[in-house]
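The values are calculated or read from the model by the stated rules, or taken from the named source; none is laboratory data. Everything quoted here is computed from the prediction, not taken from an experiment. Because the Cβ atoms are built from the backbone with ideal geometry, glycine has one as well, and the counts that use them run over all protein chains shown. Ligands, DNA and RNA are excluded from the accessible area calculation, which covers all protein heavy atoms including side chains. Shrake-Rupley method; radii C 1.70, N 1.55, O 1.52, S 1.80 Å.
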Amino acid sequence: MDTEPPATPRPGWVPPLPYVAMMWLASPALPVGGFSYSEGLEAAVEAGVVTDEPQALHWLRGQMQLTLARSELPAACAAHTAWEAADLDALRTIQTWVLTTRETAELRLQTEQMGRSMLDWLRKLQPDHPALPLAAQFDPAPAWPLAFALGGLALGLDAEQTGQALAFSWLESQVQAAMRAVPLGQSAGQRLLAALVPDLPTAVAQARNLQHRMDDWQSFSPMLAILSSRHETQYSRLFRS
């Protein structure tokens, strides 16, 4: 049972400086359970697709370009704009797209669980935030990209900054998953970050270009879907996806 007191800010709470807020949102200490998901990487290791550092680099770069930049990031950037405008119809449209494009049960459960946990954290952090009544109208709770966007807005970030935080959060989580699943050492993990961090601005720029063009969003990744499906019945697992 969680015995910690709620993280309710004092009256008149002021959001932190943008770079601090970005680090806060991207932190693995955020209580959303991101550490428990590999997003198909563990199944790729089991199948022999990823067995060493170069293959991990290839896998992560492909995931960033083919799914993150064309799916999660544009959805989050678009959701940030919708939260800011209190546009419930737009938010529901984004939510429907996110949930219907999760190709396996475990990927859908991940986005639902992480979104729900993010919303719980935000309710404790800023119980009077004006967007929370909108969020309460969702059943299930806002999916992960929408909830992360609300977190960015609540901490005073714009859509660009929120996208950068989400991109780095995803990358660090995936590198940590590779370190545990392949496995790789800490130095290898740092080499992966060094190789992939320069790709993040391009991914965010692509997402920002797509955020108002939902017809061009894309989550089509057949190998990931197959591996994720296999992972659901994999005999031995460290991760929930």
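Only one of the numbered conditions (1) open to solvent by less than 60 Å² (accessible area, probe 1.4 Å); (2) part of a loop (DSSP other than H, G, I, E, B) is violated by LEU73, and that is (2). Checked against the criteria, LEU155 counts as in contact with a Phe, Trp or Tyr (Cβ under 9 Å, 6 or more places away or on another chain), within 15 Å of ALA79 (Cβ to Cβ) and in contact (Cβ under 8 Å) with a residue 24 or more places away in the chain.
Restricting attention to segment 76-96, the residues that are part of a loop (DSSP other than H, G, I, E, B) and charged (D, E, K, R) add up to 1. Consider segment 216-233 and keep the residues that are part of a helix (DSSP H, G or I) and farther than 13 Å from SER71 by Cβ. The one that is most open to solvent (accessible area, probe 1.4 Å) is ARG230. When restricted to residues that are farther than 18 Å from THR67 by Cα and either part of a loop (DSSP other than H, G, I, E, B) or in contact (Cβ under 8 Å) with a residue 24 or more places away in the chain (or both), segment 193-215 contains 1.
Looking across segment 112-131 at every residue that is in a loop (DSSP other than H, G, I, E, B) and not charged (D, E, K, R), the one that is most open to solvent (accessible area, probe 1.4 Å) is identified as PRO130. When you scan segment 174-195, do you find a residue that is surrounded by 23 or more Cβ atoms within 10 Å (Cβ to Cβ) and either farther than 27 Å from GLU53 by Cα or among the small types (Gly, Ala, Ser) (or both), even just one? Yes, segment 174-195 has at least one match. Out of VAL49, VAL45, one residue alone is surrounded by fewer than 23 Cβ atoms within 10 Å (Cβ to Cβ) and farther than 13 Å from GLU172 by Cα. It is VAL49.
Exactly one residue out of ALA143, ALA159 is crowded, with 24+ Cβ neighbours inside 10 Å and aliphatic (A, V, I, L, M), and it is ALA143. No other residue among LEU91, LEU109, LEU99, LEU57 is on the phi < 0 side of the Ramachandran plot, buried (at least 23 other Cβ atoms within 10 Å of the Cβ) and in contact (Cβ under 8 Å) with a residue 24 or more places away in the chain apart from LEU91.
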